[in-house]
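Notes to accompany the following structure.
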Amino acid sequence: MTRDPPYRLINPLQAIRYLVRGNLHNLFQQEWHLQGDIARFRIGSVRITVISDLADVKHVMQDRAKAYGKRLDTTERLLGEGISNSEGPAWRHHRRELKQAFNHRQLARYFPLVQARTREAVRRLVEGSSSTVEEAAVALTRWVIYTALFGAERPEGWRRFLESFDNLVSQQVWQSALPSILTSRAWPWTRTYHSNLAAIDRFVYDRIDAGTMDDQTVLGYCLAHDEESGEAKFTRQEVRDDLVTLLLAGYETTSATICWILLLVGQHPDVARRLQEASLAFPADGSWTLQDLAKFRYGRAVVDEALRLFPAGWAIRRVALESDTLPSGLVVREGDLLNISPFLIHRNPQHWSNPDVFDPERFLDPAAAKDAGYAFIPFGGGPRRCPGMNLAYMEVLTVLLACLQAGTWSVSAREPVAIFSRGTMRPARPVLLTWQPHGPIRMSGRPTHSGTCPVSTVNPGSP
(Lines give C-alpha, C1' and ligand atoms only; values in the text may rest on other atoms or scores of the structure.)
Protein backbone atom coordinates (compact mmCIF):
# COMPACT_ATOMS: atom_id res chain seq x y z
CA MET A 1 0.00 0.00 0.00
CA THR A 2 1.48 3.34 -1.05
CA ARG A 3 1.55 6.43 1.12
CA ASP A 4 1.75 10.01 -0.09
CA PRO A 5 1.02 12.23 2.93
CA PRO A 6 0.85 16.02 2.48
CA TYR A 7 3.62 18.35 3.58
CA ARG A 8 2.89 20.27 6.76
CA LEU A 9 3.55 23.99 6.25
CA ILE A 10 6.17 25.54 8.54
CA ASN A 11 6.13 29.31 8.87
CA PRO A 12 9.37 30.58 7.24
CA LEU A 13 9.93 33.02 10.11
CA GLN A 14 9.68 30.15 12.56
CA ALA A 15 12.20 28.15 10.50
CA ILE A 16 14.56 31.14 10.47
CA ARG A 17 14.29 31.33 14.27
CA TYR A 18 15.28 27.68 14.51
CA LEU A 19 18.28 28.36 12.25
CA VAL A 20 19.39 31.52 14.09
CA ARG A 21 19.02 29.89 17.52
CA GLY A 22 20.88 26.82 16.34
CA ASN A 23 18.28 24.24 17.34
CA LEU A 24 17.21 22.77 14.03
CA HIS A 25 17.20 19.35 15.68
CA ASN A 26 14.21 20.52 17.69
CA LEU A 27 12.30 21.19 14.47
CA PHE A 28 13.03 17.64 13.32
CA GLN A 29 12.11 16.27 16.73
CA GLN A 30 8.89 18.28 16.82
CA GLU A 31 7.79 16.95 13.42
CA TRP A 32 8.76 13.40 14.38
CA HIS A 33 6.58 13.58 17.49
CA LEU A 34 3.70 15.03 15.45
CA GLN A 35 3.92 12.81 12.37
CA GLY A 36 5.90 9.69 13.26
CA ASP A 37 8.58 7.89 11.26
CA ILE A 38 7.56 9.69 8.07
CA ALA A 39 7.54 13.43 8.76
CA ARG A 40 6.94 15.81 5.88
CA PHE A 41 7.07 19.57 6.13
CA ARG A 42 7.46 22.51 3.78
CA ILE A 43 9.32 25.80 4.28
CA GLY A 44 8.34 28.08 1.42
CA SER A 45 9.05 26.11 -1.76
CA VAL A 46 11.48 23.71 -0.01
CA ARG A 47 9.89 20.33 0.75
CA ILE A 48 11.58 18.13 3.33
CA THR A 49 10.87 14.53 4.28
CA VAL A 50 12.41 13.04 7.42
CA ILE A 51 12.42 9.23 7.45
CA SER A 52 13.12 7.27 10.63
CA ASP A 53 11.72 3.81 9.85
CA LEU A 54 14.80 1.54 9.82
CA ALA A 55 13.64 -0.40 6.76
CA ASP A 56 13.25 2.89 4.86
CA VAL A 57 16.64 4.10 6.08
CA LYS A 58 18.37 0.89 4.99
CA HIS A 59 16.56 1.05 1.62
CA VAL A 60 17.83 4.59 0.93
CA MET A 61 21.33 4.16 2.30
CA GLN A 62 22.10 0.63 1.20
CA ASP A 63 19.58 -1.35 -0.86
CA ARG A 64 18.85 1.41 -3.39
CA ALA A 65 21.83 3.65 -2.70
CA LYS A 66 22.40 4.37 -6.40
CA ALA A 67 18.93 5.93 -6.62
CA TYR A 68 19.77 8.56 -3.99
CA GLY A 69 22.48 11.17 -4.47
CA LYS A 70 24.48 13.06 -1.90
CA ARG A 71 25.74 15.98 -3.95
CA LEU A 72 25.05 19.37 -2.39
CA ASP A 73 25.37 22.32 -4.77
CA THR A 74 25.83 24.62 -1.77
CA THR A 75 29.12 22.89 -0.86
CA GLU A 76 30.49 22.61 -4.42
CA ARG A 77 32.70 25.69 -4.09
CA LEU A 78 34.36 24.31 -0.98
CA LEU A 79 34.45 20.55 -1.58
CA GLY A 80 34.61 20.48 -5.38
CA GLU A 81 34.46 17.00 -6.90
CA GLY A 82 35.77 15.14 -3.85
CA ILE A 83 34.21 12.02 -2.41
CA SER A 84 31.42 13.96 -0.71
CA ASN A 85 30.04 15.55 -3.89
CA SER A 86 30.96 13.14 -6.68
CA GLU A 87 28.53 10.58 -8.10
CA GLY A 88 28.70 7.49 -10.29
CA PRO A 89 32.08 6.21 -11.56
CA ALA A 90 33.95 9.22 -10.14
CA TRP A 91 32.57 8.54 -6.68
CA ARG A 92 33.37 4.81 -6.91
CA HIS A 93 36.97 5.68 -7.84
CA HIS A 94 37.34 8.01 -4.85
CA ARG A 95 35.63 5.54 -2.54
CA ARG A 96 37.85 2.63 -3.59
CA GLU A 97 41.09 4.56 -3.12
CA LEU A 98 40.12 6.31 0.12
CA LYS A 99 38.89 3.06 1.61
CA GLN A 100 42.44 1.79 1.18
CA ALA A 101 43.81 5.03 2.67
CA PHE A 102 42.03 4.22 5.95
CA ASN A 103 42.54 0.48 6.23
CA HIS A 104 44.31 -0.89 9.29
CA ARG A 105 47.71 -1.06 7.58
CA GLN A 106 47.58 2.59 6.58
CA LEU A 107 46.25 3.72 9.97
CA ALA A 108 49.22 2.01 11.61
CA ARG A 109 51.48 4.17 9.44
CA TYR A 110 49.69 7.41 10.36
CA PHE A 111 49.45 6.50 14.04
CA PRO A 112 52.95 7.42 15.35
CA LEU A 113 52.66 11.02 14.12
CA VAL A 114 49.06 11.32 15.30
CA GLN A 115 49.91 9.94 18.74
CA ALA A 116 52.93 12.22 19.20
CA ARG A 117 50.95 15.29 18.14
CA THR A 118 48.05 14.31 20.40
CA ARG A 119 50.22 13.91 23.49
CA GLU A 120 51.84 17.28 22.80
CA ALA A 121 48.44 18.97 22.39
CA VAL A 122 47.11 17.37 25.57
CA ARG A 123 50.19 18.40 27.55
CA ARG A 124 49.80 22.03 26.45
CA LEU A 125 46.11 21.97 27.29
CA VAL A 126 46.53 20.44 30.75
CA GLU A 127 49.36 22.79 31.66
CA GLY A 128 47.44 25.83 30.47
CA SER A 129 44.64 27.76 32.12
CA SER A 130 41.02 26.72 32.20
CA SER A 131 39.12 26.70 28.94
CA THR A 132 35.71 25.72 27.65
CA VAL A 133 35.10 22.16 26.52
CA GLU A 134 34.63 23.37 22.95
CA GLU A 135 37.93 25.31 22.97
CA ALA A 136 39.69 22.25 24.36
CA ALA A 137 38.13 19.97 21.75
CA VAL A 138 39.15 22.27 18.90
CA ALA A 139 42.69 22.59 20.30
CA LEU A 140 43.00 18.82 20.55
CA THR A 141 41.49 18.11 17.14
CA ARG A 142 43.08 20.80 15.00
CA TRP A 143 46.59 19.40 14.90
CA VAL A 144 45.55 15.77 15.11
CA ILE A 145 43.60 15.85 11.85
CA TYR A 146 46.15 18.19 10.25
CA THR A 147 48.96 15.79 11.15
CA ALA A 148 47.08 12.77 9.80
CA LEU A 149 46.50 14.53 6.48
CA PHE A 150 49.66 16.61 5.96
CA GLY A 151 52.27 15.47 8.49
CA ALA A 152 54.00 17.12 11.44
CA GLU A 153 55.67 19.94 9.51
CA ARG A 154 54.46 23.49 10.16
CA PRO A 155 55.18 25.29 6.89
CA GLU A 156 54.89 29.00 6.25
CA GLY A 157 51.28 30.13 6.21
CA TRP A 158 49.95 27.40 8.50
CA ARG A 159 48.49 29.88 10.99
CA ARG A 160 46.67 31.76 8.25
CA PHE A 161 45.42 28.44 6.89
CA LEU A 162 43.93 27.35 10.23
CA GLU A 163 42.39 30.76 10.84
CA SER A 164 40.86 30.69 7.36
CA PHE A 165 39.52 27.22 7.92
CA ASP A 166 38.01 28.17 11.30
CA ASN A 167 36.31 31.17 9.69
CA LEU A 168 35.09 29.22 6.70
CA VAL A 169 33.55 26.46 8.82
CA SER A 170 31.57 29.05 10.77
CA GLN A 171 30.44 30.78 7.54
CA GLN A 172 29.56 27.65 5.55
CA VAL A 173 26.09 27.16 7.05
CA TRP A 174 25.06 30.68 6.02
CA GLN A 175 26.51 30.18 2.53
CA SER A 176 24.48 27.00 2.25
CA ALA A 177 21.29 28.80 3.18
CA LEU A 178 21.61 31.42 0.40
CA PRO A 179 20.89 30.95 -3.32
CA SER A 180 24.02 30.20 -5.34
CA ILE A 181 23.65 33.42 -7.36
CA LEU A 182 24.24 35.34 -4.11
CA THR A 183 27.33 33.36 -3.09
CA SER A 184 29.09 32.21 -6.26
CA ARG A 185 31.05 35.45 -6.62
CA ALA A 186 32.94 37.72 -4.27
CA TRP A 187 30.08 40.09 -3.55
CA PRO A 188 30.55 42.47 -0.59
CA TRP A 189 28.68 40.05 1.68
CA THR A 190 30.76 37.03 0.56
CA ARG A 191 34.18 38.65 0.16
CA THR A 192 35.51 37.25 3.43
CA TYR A 193 34.24 33.78 2.59
CA HIS A 194 35.97 33.76 -0.81
CA SER A 195 39.15 35.23 0.68
CA ASN A 196 39.29 32.39 3.20
CA LEU A 197 38.58 29.85 0.47
CA ALA A 198 41.44 31.26 -1.64
CA ALA A 199 43.84 31.05 1.34
CA ILE A 200 42.87 27.42 1.90
CA ASP A 201 43.41 26.58 -1.77
CA ARG A 202 46.85 28.21 -1.81
CA PHE A 203 47.98 26.31 1.25
CA VAL A 204 46.63 22.92 0.15
CA TYR A 205 47.99 23.22 -3.39
CA ASP A 206 51.39 24.25 -1.99
CA ARG A 207 51.36 21.10 0.18
CA ILE A 208 50.40 18.99 -2.82
CA ASP A 209 53.14 20.48 -5.01
CA ALA A 210 55.75 20.09 -2.26
CA GLY A 211 54.45 16.74 -1.03
CA THR A 212 56.33 13.47 -1.10
CA MET A 213 54.84 10.07 -1.81
CA ASP A 214 55.50 8.72 1.68
CA ASP A 215 52.80 6.61 3.25
CA GLN A 216 52.82 8.19 6.72
CA THR A 217 50.17 10.77 5.78
CA VAL A 218 46.93 10.76 3.81
CA LEU A 219 48.47 13.31 1.44
CA GLY A 220 51.37 10.98 0.76
CA TYR A 221 49.01 8.10 0.07
CA CYS A 222 46.93 10.22 -2.35
CA LEU A 223 50.03 11.38 -4.22
CA ALA A 224 51.43 7.87 -4.61
CA HIS A 225 51.01 6.00 -7.89
CA ASP A 226 48.98 2.84 -8.31
CA GLU A 227 51.23 -0.19 -7.82
CA GLU A 228 49.79 -2.09 -10.79
CA SER A 229 49.25 0.60 -13.42
CA GLY A 230 51.97 3.01 -12.28
CA GLU A 231 49.54 5.90 -12.84
CA ALA A 232 48.64 8.60 -10.34
CA LYS A 233 45.64 7.69 -8.19
CA PHE A 234 44.19 11.19 -8.34
CA THR A 235 44.58 14.39 -10.30
CA ARG A 236 45.92 17.46 -8.51
CA GLN A 237 42.39 18.86 -8.28
CA GLU A 238 41.01 15.59 -6.91
CA VAL A 239 43.69 15.45 -4.22
CA ARG A 240 42.79 19.00 -3.19
CA ASP A 241 39.05 18.24 -3.09
CA ASP A 242 39.44 15.05 -1.05
CA LEU A 243 41.89 16.63 1.42
CA VAL A 244 39.57 19.59 2.05
CA THR A 245 36.59 17.23 2.38
CA LEU A 246 38.44 15.05 4.89
CA LEU A 247 39.74 18.08 6.76
CA LEU A 248 36.25 19.56 7.05
CA ALA A 249 34.69 16.25 8.09
CA GLY A 250 37.48 15.31 10.48
CA TYR A 251 37.81 18.79 11.97
CA GLU A 252 34.12 19.45 12.59
CA THR A 253 32.84 16.02 13.52
CA THR A 254 35.83 14.86 15.55
CA SER A 255 36.04 18.06 17.59
CA ALA A 256 32.28 17.90 18.26
CA THR A 257 32.59 14.29 19.44
CA ILE A 258 35.56 15.06 21.69
CA CYS A 259 33.64 18.05 23.07
CA TRP A 260 30.73 15.85 24.18
CA ILE A 261 33.05 13.16 25.57
CA LEU A 262 34.89 15.69 27.74
CA LEU A 263 31.57 17.08 28.93
CA LEU A 264 29.87 13.73 29.59
CA VAL A 265 32.86 12.22 31.38
CA GLY A 266 33.19 15.40 33.45
CA GLN A 267 29.51 15.10 34.45
CA HIS A 268 29.75 11.42 35.41
CA PRO A 269 32.47 10.78 38.04
CA ASP A 270 31.91 7.02 38.05
CA VAL A 271 32.51 6.86 34.29
CA ALA A 272 35.64 9.02 34.73
CA ARG A 273 36.87 6.74 37.52
CA ARG A 274 36.36 3.62 35.46
CA LEU A 275 38.11 5.21 32.45
CA GLN A 276 41.07 6.12 34.66
CA GLU A 277 41.26 2.51 35.87
CA ALA A 278 41.16 1.24 32.30
CA SER A 279 43.97 3.63 31.32
CA LEU A 280 46.27 1.95 33.86
CA ALA A 281 46.60 -0.99 31.49
CA PHE A 282 48.54 1.20 29.04
CA PRO A 283 52.18 2.40 29.38
CA ALA A 284 52.18 5.88 30.91
CA ASP A 285 55.03 6.98 28.65
CA GLY A 286 52.76 6.75 25.62
CA SER A 287 54.52 3.74 24.11
CA TRP A 288 51.22 1.98 23.42
CA THR A 289 50.47 1.08 19.84
CA LEU A 290 47.47 1.14 17.55
CA GLN A 291 47.01 -2.57 18.25
CA ASP A 292 46.99 -1.80 22.00
CA LEU A 293 44.33 0.85 21.44
CA ALA A 294 41.94 -1.87 20.26
CA LYS A 295 42.00 -3.22 23.84
CA PHE A 296 40.59 0.04 25.25
CA ARG A 297 37.09 -1.46 25.32
CA TYR A 298 35.53 0.79 27.93
CA GLY A 299 36.91 3.85 26.16
CA ARG A 300 35.32 2.65 22.91
CA ALA A 301 32.02 2.13 24.76
CA VAL A 302 32.15 5.73 26.05
CA VAL A 303 32.87 7.04 22.55
CA ASP A 304 30.01 5.04 21.02
CA GLU A 305 27.57 6.20 23.69
CA ALA A 306 28.59 9.84 23.12
CA LEU A 307 28.07 9.31 19.37
CA ARG A 308 24.67 7.77 20.04
CA LEU A 309 23.44 10.69 22.13
CA PHE A 310 25.13 13.47 20.18
CA PRO A 311 25.95 12.33 16.62
CA ALA A 312 27.97 15.11 14.99
CA GLY A 313 26.27 14.41 11.67
CA TRP A 314 22.83 14.59 13.22
CA ALA A 315 21.00 14.93 9.88
CA ILE A 316 22.03 13.14 6.67
CA ARG A 317 20.63 14.41 3.40
CA ARG A 318 19.85 12.48 0.23
CA VAL A 319 18.28 13.61 -3.05
CA ALA A 320 16.15 11.17 -5.04
CA LEU A 321 17.71 10.68 -8.48
CA GLU A 322 14.65 8.78 -9.68
CA SER A 323 11.15 7.93 -8.50
CA ASP A 324 10.89 5.16 -5.93
CA THR A 325 8.64 3.59 -3.29
CA LEU A 326 10.08 2.93 0.17
CA PRO A 327 9.33 -0.27 2.14
CA SER A 328 6.88 1.73 4.28
CA GLY A 329 4.94 2.56 1.11
CA LEU A 330 6.06 6.19 0.94
CA VAL A 331 6.05 7.49 -2.62
CA VAL A 332 9.30 9.29 -3.51
CA ARG A 333 9.53 11.43 -6.62
CA GLU A 334 12.65 12.37 -8.53
CA GLY A 335 14.20 15.44 -6.93
CA ASP A 336 12.63 14.87 -3.51
CA LEU A 337 14.82 15.83 -0.57
CA LEU A 338 15.06 13.15 2.13
CA ASN A 339 16.63 13.56 5.55
CA ILE A 340 17.75 10.75 7.82
CA SER A 341 18.42 11.88 11.38
CA PRO A 342 20.74 9.70 13.48
CA PHE A 343 19.78 11.97 16.39
CA LEU A 344 16.13 10.88 16.17
CA ILE A 345 16.92 7.23 15.47
CA HIS A 346 19.47 6.99 18.30
CA ARG A 347 16.92 8.32 20.80
CA ASN A 348 13.98 6.23 19.64
CA PRO A 349 12.70 4.05 22.54
CA GLN A 350 11.72 1.38 20.01
CA HIS A 351 15.43 0.75 19.39
CA TRP A 352 17.11 1.73 22.67
CA SER A 353 16.17 1.26 26.31
CA ASN A 354 16.31 4.50 28.32
CA PRO A 355 17.37 6.33 25.14
CA ASP A 356 18.07 9.71 26.79
CA VAL A 357 20.35 8.16 29.42
CA PHE A 358 24.14 8.22 29.15
CA ASP A 359 25.03 4.57 29.68
CA PRO A 360 28.31 3.33 28.12
CA GLU A 361 27.53 -0.12 29.53
CA ARG A 362 25.16 -0.76 26.65
CA PHE A 363 28.15 -0.88 24.27
CA LEU A 364 30.45 -3.13 26.29
CA ASP A 365 29.45 -6.10 24.17
CA PRO A 366 31.87 -5.82 21.21
CA ALA A 367 29.05 -6.71 18.84
CA ALA A 368 26.59 -4.18 20.29
CA ALA A 369 27.13 -1.43 17.71
CA LYS A 370 27.21 -3.92 14.86
CA ASP A 371 24.06 -5.69 16.02
CA ALA A 372 22.26 -2.35 16.30
CA GLY A 373 22.43 -2.09 12.51
CA TYR A 374 20.68 1.01 11.19
CA ALA A 375 19.58 1.92 14.71
CA PHE A 376 23.17 3.17 15.22
CA ILE A 377 24.46 5.23 12.29
CA PRO A 378 26.74 8.01 13.58
CA PHE A 379 28.84 7.68 10.40
CA GLY A 380 25.94 6.99 8.05
CA GLY A 381 25.43 3.64 6.38
CA GLY A 382 25.67 1.71 3.16
CA PRO A 383 28.33 2.39 0.51
CA ARG A 384 28.40 6.10 1.41
CA ARG A 385 29.25 5.51 5.04
CA CYS A 386 32.03 7.88 6.08
CA PRO A 387 35.31 6.44 4.70
CA GLY A 388 37.24 8.09 7.54
CA MET A 389 35.31 6.29 10.29
CA ASN A 390 38.28 4.18 11.41
CA LEU A 391 40.54 7.24 11.38
CA ALA A 392 37.98 9.09 13.53
CA TYR A 393 37.89 6.28 16.10
CA MET A 394 41.69 6.19 16.15
CA GLU A 395 41.87 9.95 16.73
CA VAL A 396 39.17 10.13 19.40
CA LEU A 397 40.42 7.12 21.38
CA THR A 398 44.00 8.43 21.20
CA VAL A 399 42.87 11.82 22.51
CA LEU A 400 40.79 10.23 25.28
CA LEU A 401 43.59 7.96 26.48
CA ALA A 402 46.16 10.76 26.33
CA CYS A 403 43.86 12.99 28.39
CA LEU A 404 43.33 10.26 30.99
CA GLN A 405 47.06 9.70 31.33
CA ALA A 406 47.72 13.42 31.70
CA GLY A 407 45.17 14.27 34.38
CA THR A 408 41.54 14.48 35.38
CA TRP A 409 39.01 17.16 34.54
CA SER A 410 35.78 18.65 35.75
CA VAL A 411 33.11 20.71 33.99
CA SER A 412 30.93 23.56 35.19
CA ALA A 413 27.70 22.35 33.57
CA ARG A 414 25.05 20.29 35.23
CA GLU A 415 22.59 18.20 33.29
CA PRO A 416 20.73 18.83 31.08
CA VAL A 417 22.92 20.66 28.54
CA ALA A 418 21.10 22.37 25.67
CA ILE A 419 22.27 21.55 22.14
CA PHE A 420 23.36 23.93 19.39
CA SER A 421 22.75 22.18 16.07
CA ARG A 422 23.21 24.63 13.22
CA GLY A 423 25.96 22.48 11.71
CA THR A 424 27.32 19.76 13.96
CA MET A 425 25.92 19.26 17.46
CA ARG A 426 27.66 21.22 20.22
CA PRO A 427 26.74 22.59 23.66
CA ALA A 428 24.56 25.68 23.26
CA ARG A 429 26.50 27.60 25.92
CA PRO A 430 30.17 27.67 26.96
CA VAL A 431 31.01 25.02 29.53
CA LEU A 432 34.11 25.67 31.64
CA LEU A 433 36.66 22.85 31.71
CA THR A 434 39.15 22.64 34.58
CA TRP A 435 42.12 20.26 34.62
CA GLN A 436 43.84 18.59 37.54
CA PRO A 437 47.15 17.30 36.14
CA HIS A 438 48.78 14.33 37.79
CA GLY A 439 52.19 12.72 37.58
CA PRO A 440 53.08 9.66 35.55
CA ILE A 441 50.62 6.82 36.05
CA ARG A 442 52.15 3.77 37.69
CA MET A 443 51.48 0.50 35.98
CA SER A 444 49.32 -1.78 38.10
CA GLY A 445 48.35 -4.56 35.75
CA ARG A 446 44.95 -4.97 34.24
CA PRO A 447 42.18 -3.48 36.39
CA THR A 448 39.17 -5.39 37.58
CA HIS A 449 35.71 -3.91 37.77
CA SER A 450 32.65 -4.62 39.82
CA GLY A 451 29.22 -3.11 40.11
CA THR A 452 27.36 -1.02 37.57
CA CYS A 453 27.81 2.49 36.29
CA PRO A 454 25.18 4.99 37.45
CA VAL A 455 23.58 6.97 34.66
CA SER A 456 21.49 10.07 34.40
CA THR A 457 19.31 11.78 31.86
CA VAL A 458 20.71 13.93 29.07
CA ASN A 459 18.13 16.42 27.90
CA PRO A 460 18.24 17.18 24.16
CA GLY A 461 17.68 20.87 24.71
CA SER A 462 14.68 23.15 24.52
CA PRO A 463 13.06 24.55 21.35
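How far apart, in nm, are two points set 7 Å out from the Cα along the Cα-to-Cβ line at Glu153 and at Leu13?
5.6
Calculate one ³J(HN,Hα) per residue across the stretch 96-112 by plugging θ = phi - 60° into the Karplus curve 6.51 cos²θ - 1.76 cosθ + 1.60, and present them in order as whole Hz with x for glycine and proline.
With coefficients 6.51, -1.76 and 1.60, one gets 4, 6, 6, 4, 5, 5, 10, 6, 4, 5, 5, 4, 4, 7, 6, 4, x Hz.
Just to be sure I understand the model, the point goes 7 Å from the Cα along the line to the Cβ. What's the resulting His438 to Arg273 distance in nm?
1.2
Measure off, as a whole percent, the carbon and sulfur share of the 1.4 Å-probe accessible area of the stretch 304-394, all protein chains present. Spell out each step's value before the answer.
Working: 1550 of 3210 Å².
That fraction is 48 percent.
Pick out, from Ser323, Phe310, Gly299, the residue whose Cα sits farthest towards the positive end of the charge dipole of the stretch 296-337, with +1 on the Cβ of Lys and Arg and -1 on the Cβ of Asp and Glu.
Toward the positive end, the furthest listed residue is Gly299.
Just read off the accessible area of His268 with the full protein assembly in place, 1.4 Å probe, to the nearest 10 Å².
Solvent-accessible area, nearest 10 Å²: 10 Å².
Could you compute the net charge surrounding Leu9? Neighbours are other residues with a C-beta less than 12 Å from the C-beta of Leu9; K and R count +1, D and E count -1.
Overall, the nearby charge balance is +3.
Cross-link candidates for Lys370: which lysines have Cα within less than 30 Å, leaving aside residues fewer than 8 places away along the same chain?
By straight Cα distance, Lys370 reaches Lys58, Lys66, Lys70, Lys99, Lys295.
Under the rule of at least 5 residues apart or a separate chain, name every residue whose amide H is placed under 5 Å from the amide H of His351.
Residues meeting the amide H criterion: none.
Relative to the compact globular guide of 2.2 N^0.38 Å, what is the alpha carbon radius of gyration of the stretch 246-381, as a ratio? Kindly include the intermediate steps, with their values, before the conclusion.
Numbers: Rg = 17.9 Å, N = 136, 2.2 N^0.38 = 14.2 Å.
Compared with the compact-globule rule of thumb, the stretch 246-381 sits at 1.26.
For Trp409, list long-range residues whose amide hydrogen, built 1.01 Å from N in the peptide plane, is under 5 Å from its own amide hydrogen.
Sorted by chain and number, the residues that satisfy this are Gln436.
Rounded to the nearest 0.05, what FRET efficiency is calculated for Met389 and His33 with R0 set to 35 Å and r the Cβ-Cβ distance? Walk me through the numbers on the way to the answer.
Details: r = 30 Å, r/R0 = 0.86.
Efficiency for this residue pair is about 0.70.
Determine ³J(HN,Hα), in whole Hz, for all residues of the stretch 17-25 in sequence, where each value follows from phi through the Karplus function 6.51 cos²θ - 1.76 cosθ + 1.60 and θ = phi - 60°; x replaces Gly and Pro.
3J(HN,Hα) across the stretch 17-25, in whole Hz: 4, 4, 5, 5, 7, x, 10, 4, 4.
Points 7 angstrom from Cα along the Cβ direction at Arg191 and Arg236: gap in nanometres?
For Arg191 paired with Arg236, the spin-label model returns 2.9 nm.
Could you tell me the calculated FRET efficiency between Ala90 and Lys370, based on Cβ-Cβ distance and R0 = 35 angstrom, to the nearest 0.05?
Taking R0 as 35 Å, the efficiency between Ala90 and Lys370 is 0.70.
Which shape class applies to the stretch 255-307: rounded if a/c is under 1.5, otherwise prolate when a/b exceeds b/c and oblate if not, where a ≥ b ≥ c are the square roots of the Cα gyration tensor eigenvalues?
Verdict is prolate for the stretch 255-307.
Please list, ordered by chain and number, the residues whose modelled amide H lies under 5 Å from the amide H of Val357; skip anything fewer than 5 residues away on the same chain.
Val458
Can you give the extra length, in nm with one decimal, that the chain gains between Asp63 and Ser287 once fully stretched, where that is 0.36 nm per residue apart less the Cα-Cα distance?
Length difference between fully extended and current span is 76.3 nm.
Per-residue counts of other Cβ atoms within 10 Å, averaged by peptide: what ranking do you get for 131-139, 422-430, highest first?
Top of the packing list down: 131-139, 422-430.
What span do the alpha-carbon atoms of the stretch 27-68 cover on each of the three principal axes, reported in whole Å from largest to smallest?
So the extents along the principal axes, rounded to whole Å, are 29, 23, 11.
Using Cα pairs under 8 angstrom and six or more residues apart, how large is the relative contact order of the stretch 323-415, in percent?
Relative CO of the stretch 323-415 lands at 15 percent.
How high is the FRET efficiency between Val319 and Ala108 when r is their beta carbon distance and R₀ equals 35 Å, given to the nearest 0.05? Please list the in-between numbers first.
Values: r = 37 Å, r/R0 = 1.06.
Between Val319 and Ala108 the formula returns 0.40.
Residue by residue, what Karplus-based ³J(HN,Hα) values in Hz, rounded to whole numbers, does the stretch 42-58 have, using 6.51, -1.76 and 1.60 with θ = phi - 60° and x for Gly and Pro?
So the Karplus estimates, Gly and Pro as x, are 10, 10, x, 8, 8, 9, 10, 10, 10, 10, 10, 5, 5, 5, 5, 4, 4 Hz.
Percent of accessible area on the stretch 110-153 owned by carbon and sulfur, 1.4 Å probe?
Here carbon and sulfur together make up 48 percent of the probe-accessible area.
The values are calculated or read from the model by the stated rules, or taken from the named source; none is laboratory data. These numbers come from a predicted model, not from an experiment. Positions of Cβ are backbone-derived with ideal geometry, glycine not excepted, and every protein chain shown enters the neighbour counts. Each accessible area value is taken on the protein alone, full model and side chains, heavy atoms only, with ligands, DNA and RNA left out. Shrake-Rupley method; radii C 1.70, N 1.55, O 1.52, S 1.80 Å.
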